[in-house]
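Have a look at the structure below, then the notes.
Rule-based calculations on the coordinates, nothing more; no lab input. In this text, all values refer to a predicted model and were calculated from it rather than measured experimentally. No Cβ is skipped: glycine too gets one built from the backbone with ideal geometry, and neighbour counts run over all protein chains shown.
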Amino acid sequence: MLIIQDVDTSPYWKFWLTYLSDFLQHSKEKLFYQPAKEIEDNIKRIGFKVDTIEAHKGYPVADIIFLCKK
């Protein structure tokens, strides 16, 4: 099993709050985000089954968790 926690690009307002927080903490680094669907598709393409958990529910962040099983 592989567990991945990442940032989704939606909901849009939560994404921007997350981006702002990341930018303030890592202003000298290049930030890169992609939609959860793209991440999920890439994980599936290498042979994993994927369940997603919208970890942002009830929080002002755009976090998502991928539970990946081979």
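Available extension along the chain between Ser27 and Met1 is 6.1 nm, counting 0.36 nm per residue and deducting the alpha carbon span.
Amide H to amide H, with H built 1.01 Å from N, Asp63 comes under 5 Å of Asp8, His56, counting only residues 5 or more places away or on other chains.
Listed values for the stretch 62-70 are Karplus-derived 3J(HN,Hα) couplings in whole Hz (6.51 cos²θ - 1.76 cosθ + 1.60, θ = phi - 60°), namely 9, 6, 9, 10, 10, 9, 10, 10, 9, and x replaces Gly and Pro.
Relative to the longest principal axis of the Cα atoms of the chain, helix 36-45 runs at roughly 30 degrees. Computed from phi, the 3J(HN,Hα) profile of the stretch 12-29 under the Karplus parametrisation 6.51, -1.76, 1.60 (θ = phi - 60°) reads 4, 5, 6, 4, 5, 5, 5, 4, 4, 4, 4, 4, 5, 7, 9, 5, 8, 9 Hz, with x in place of Gly and Pro. Using the alpha-carbon positions of the chain, Rg (one decimal) and Dmax (whole number) come out as 12.8, 37 Å. Taking Lys30, Lys14, Lys49 as the candidate residues, the one with maximal mean-square fluctuation in a Gaussian network model of the chain, Cα springs under 10 Å, is Lys30.
Mind checking the stretch 6-36 for chymotrypsin sites (Phe, Trp or Tyr not before Pro) that DSSP puts in a loop (not H, G, I, E or B) and that have at most 13 other Cβ atoms within 10 Å? In loop regions of the stretch 6-36 (DSSP not H, G, I, E or B), the sparsely surrounded chymotrypsin sites (Phe, Trp or Tyr not before Pro) are Phe32.
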